[in-house]
1. So in segment B:53-71, with the set limited to residues that are touching a helix residue (DSSP H, G or I) at 6+ places or on another chain (Cβ under 8 Å) and surrounded by 24 or more Cβ atoms within 10 Å (Cβ to Cβ), which one is farthest from residue B:519 (Cα to Cα)?
2. Name, by its number, the condition in (1) surrounded by fewer than 22 Cβ atoms within 10 Å (Cβ to Cβ); (2) farther than 20 Å from residue B:185 by Cα; (3) in contact (Cβ under 8 Å) with a residue 60 or more places away in the chain; (4) at the interface with chain A (Cβ under 10 Å from one of its Cβ atoms) that does not hold for residue B:43.
3. Tell me yes or no: at least one residue of segment B:131-141 is within 10 Å of chain A (Cβ to nearest Cβ), over 14 Å from residue B:240 (Cβ atoms), surrounded by fewer than 21 Cβ atoms within 10 Å (Cβ to Cβ) and in contact with a strand residue (DSSP E or B) (Cβ under 6 Å, 6 or more places away or on another chain).
4. Of everything in segment B:95-115 that's touching a strand residue (DSSP E or B) at 6+ places or on another chain (Cβ under 8 Å) and without any contact (Cβ under 8 Å) to a residue 40 or more places away in the chain, which residue is farthest from the other protein chains (Cβ to nearest Cβ)?
5. So residue B:269 ticks every box in (1) surrounded by fewer than 22 Cβ atoms within 10 Å (Cβ to Cβ); (2) modelled with pLDDT of 95 or more but one. Which box is left unticked?
6. Would you say residue B:80 is within 21 Å of residue B:192 (Cβ to Cβ) and in contact with a strand residue (DSSP E or B) (Cβ under 9 Å, 6 or more places away or on another chain)?
7. Do you know which residues across segment A:33-91 are within 14 Å of chain B (Cβ to nearest Cβ) and without any contact (Cβ under 8 Å) to a residue 12 or more places away in the chain?
8. Can you pull out the residues in segment B:142-156 that are at pLDDT below 95 and within 13 Å of chain A (Cβ to nearest Cβ)?
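The values are calculated or read from the model by the stated rules, or taken from the named source; none is laboratory data. Every value quoted in this text rests on a predicted model; they were computed, and no experiment measured them. Positions of Cβ are backbone-derived with ideal geometry, glycine not excepted, and every protein chain shown enters the neighbour counts.
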């Protein structure tokens, strides 16, 4: 079998890197530590699909519902990217940019009650 | 399952398959279609909604019995061990955070006669997190109150923290569950009970009737149920006793030489002697009382009688909270820190390199990360809720905690040091001193308990280290117990009986048998309980003469 050229090795390395979905870069912002779901180690409780924006944001997506229950709001949001997303965005010169978001909803904010007089 | 057939407030919950615990120590498979999420619409805490949730829990239990499925309540998925897992399904409880102040008519006569008032109590639903509870008590109630004890962080639900023995370092006060004075437990499709100690009744019949429960006032039953890791039914509500809001003022002492004098002072809790060794450690006074004692130790930068390579002692003192003080539970300003994947990467490296990593990588790694892992200094006094804050989840971290009698703590430390010399540990250790518990299977069972915590990267080498430490303690006849919610894979039926004694284990089992009928026991039994001989199927295998508190004749397992 013919050994790969330098170009081939480079492409192979890029492919391996891009396929490593566990290699991700993420930033998280949170307003409140509480969540309305059990904690999941790797992800937040709501994991969105990969969304694509095109032509430098000229064609994007409508905001989508977070799905938090009454009295609850988004408490934590995380944007992740990975080598594959970065490569696609770079190669396409920003024409196609994939992004992924995760978020938590907070526990509902409740007023207190009284039992008895 | 069809959503049309579910009661209002019951939603299907589809756990990831496989399901991973929050700290990513294990994966688990639940039975499909057996899990539910309980919700309450609205933003007010109404008794009607609370009682409707009781009925929903009973419905879930009836379904479990009908389908021959086990179930477990799931709070924040915090535990490192599989104590809260089961083969069937889960009821997620994070949506259950109603809270109520008892009125005077809800208090037992005896409770009021003891000088207590309704301000001393708060009744909360099981899904209320410690964080949530802190905000309610410290910011929303008038007069302001606070919890008596907290774990190191506050993301657990109160029911979860209570059930597994979350402890903190309250030297004279006890663990989180030691401030729980009443439990509302759903025990079957048609049964639910209000459980409190006969020796310390807090709730009146009016309160119990408001819940529609059956009252059980029994010390043994309460002490068994309060730390029962979900085995006694579903804990729906908890009555917690609180204190007037106080502040915690930190006094920390770095580079404290590990001397015979220090060992003597700590093991005998001789505070005057300790103060002589820690210049600047205050004496207790009316306005300042020692509350928390903690010692941290870097196993790779430690030498006896050396200040430079000494211990890190942390104390917190309680002081009066000024009326104008405003607690702030907002998230703290972000700082640069290592990413979530780093522990996993370190774990992989340790796995791959094996003994080479042990010898050449672990020590520099621990020395580099040790200072960042220490709790940041708290220069200004803060409330307990502000001090023990939310800990960001880091995956693939391993945490094990064992409790020993304080008089034995440095024997346990010597064991850890010795094992570390043979098998380096990619982590650090901390000692927290906690008042002993009355809970039957509370792991802080020694009158003066010291919890030795070992926290590190979750890798086979780390788990091997933990096991070596545990077995070495047994070989040296040092009695110890293990935290139910942390890594404790060495537990088995024989060990549990040895750790707690035949009487305690049999008493716990008897209480469970009395509280739950056969169908309910089956529903609330999981693999962890079977492994520990707590499902009631095993007879004692430990000879009656086998000592519990350790003497030269203890049998090493």
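1. Result: B:71.
2. All conditions are met except number (3).
3. no
4. Only one residue tops the list, namely B:97.
5. Tallying (1) surrounded by fewer than 22 Cβ atoms within 10 Å (Cβ to Cβ); (2) modelled with pLDDT of 95 or more, residue B:269 fails exactly one: (2).
6. Working: within 21 Å of residue B:192 (Cβ to Cβ): no; in contact with a strand residue (DSSP E or B) (Cβ under 9 Å, 6 or more places away or on another chain): yes.
Answer is no for this residue.
7. Once the filter is applied, which keeps residues that are within 14 Å of chain B (Cβ to nearest Cβ) and without any contact (Cβ under 8 Å) to a residue 12 or more places away in the chain, segment A:33-91 yields A:38, A:39, A:40, A:41, A:42.
8. Passing the criteria: B:142, B:153, B:154, B:155, B:156.
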